[in-house]
Amino acid sequence: MGTAVVTPPVRTPYGFTPYVLTVDAGLRDLRAADHLLRTFAAELPLTVGGFGCTHLVRGERPRVVVSLAPESGEEPDDVRARLVAMGYEATEGAPDAVGRAVLYRGVDVLRGTLSVEEVLSVSAIDRVAVLGTTGQPDPATRLVTHSHVRPLWQSGELVLTAMPAAGGALVPFEVPDPTPCCADH
């Protein structure tokens, strides 16, 4: 069905973590990959402090793979065994040094409107970057989440890219239901 990859403790985009498990289920879009990660979160013994990310694979067979970085050192063997039982193969390697975080500490509380300071204090997000600006937003700036917050790993930091919205607020750059290109044709 897919491939799971286990790597030993190394510095990853997720910080120092005992293991990263990568699953290649041959997915073609981010929405399906998000769904797979939420399924894994519901069915696998993952801790709150771990990460679940999507990674774009280019080349002859473009696809989206997902990675899981459990928080504890004991968990990966349990997670790996469950993935194998679900039909995924286990091999060595990691997808890449970047990723789009779907599962991370605090993702469940990033709902509605929060200040940038609240986002940073209740989640694993390290910083908020605003398109078209060079500095950091004021900590009191409101962020309207639309319950869809997908930060990216950049140089070892989990960074949420946001854009200006009405009334001086910010919104995440990635919207929950994007309009497909050429939707009106």
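Once you have the Kirkwood Rh of segment 84-149 from its Cα pairs, apply Stokes-Einstein at 25 °C and 0.890 mPa s and quote D in µm²/s. Before the final figure, lay out each step's value.
Values: Rh = 14.3 Å.
Answer from the Stokes-Einstein relation: 172 µm²/s.
Please report the net charge: other residues with Cβ closer than 13 Å to the Cβ of Arg142, K and R +1, D and E -1.
-3
Report ³J(HN,Hα) in whole Hz for each residue of segment 132-148, in order, from the Karplus equation J = 6.51 cos²θ - 1.76 cosθ + 1.60 where θ = phi - 60°; Gly and Pro get x.
x, 10, 9, x, 7, x, 4, x, 7, 4, 7, 10, 8, 7, 6, 6, 9
For an R0 of 30 angstrom, estimate the FRET efficiency from the Cβ-Cβ distance between Ala81 and Arg111 and round to the nearest 0.05.
The pair Ala81/Arg111 has a calculated efficiency of 0.35.
Place the peptides 128-135, 165-172, 27-34 in order of packing, highest mean first, counting for every residue the other Cβ atoms within 10 Å and averaging per peptide.
27-34, 165-172, 128-135
What order do you get for Phe51, Phe40 when you list them from fewest to most C-beta neighbours inside 10 Å?
Ordered by Cβ neighbours within 10 Å, fewest first: Phe40, Phe51.
Segment 36-138: which trypsin sites (Lys or Arg not before Pro) are DSSP loop and have at most 14 other beta-carbon atoms within 10 angstrom?
Those that pass, being in a loop and sparsely packed, are Arg58, Arg111.
Only the coordinates and a few stated rules stand behind these numbers; no lab work does. Everything quoted here is computed from the prediction, not taken from an experiment. Glycine gets a Cβ as well: all are built from the backbone with ideal geometry, and neighbour counts include every protein chain shown.
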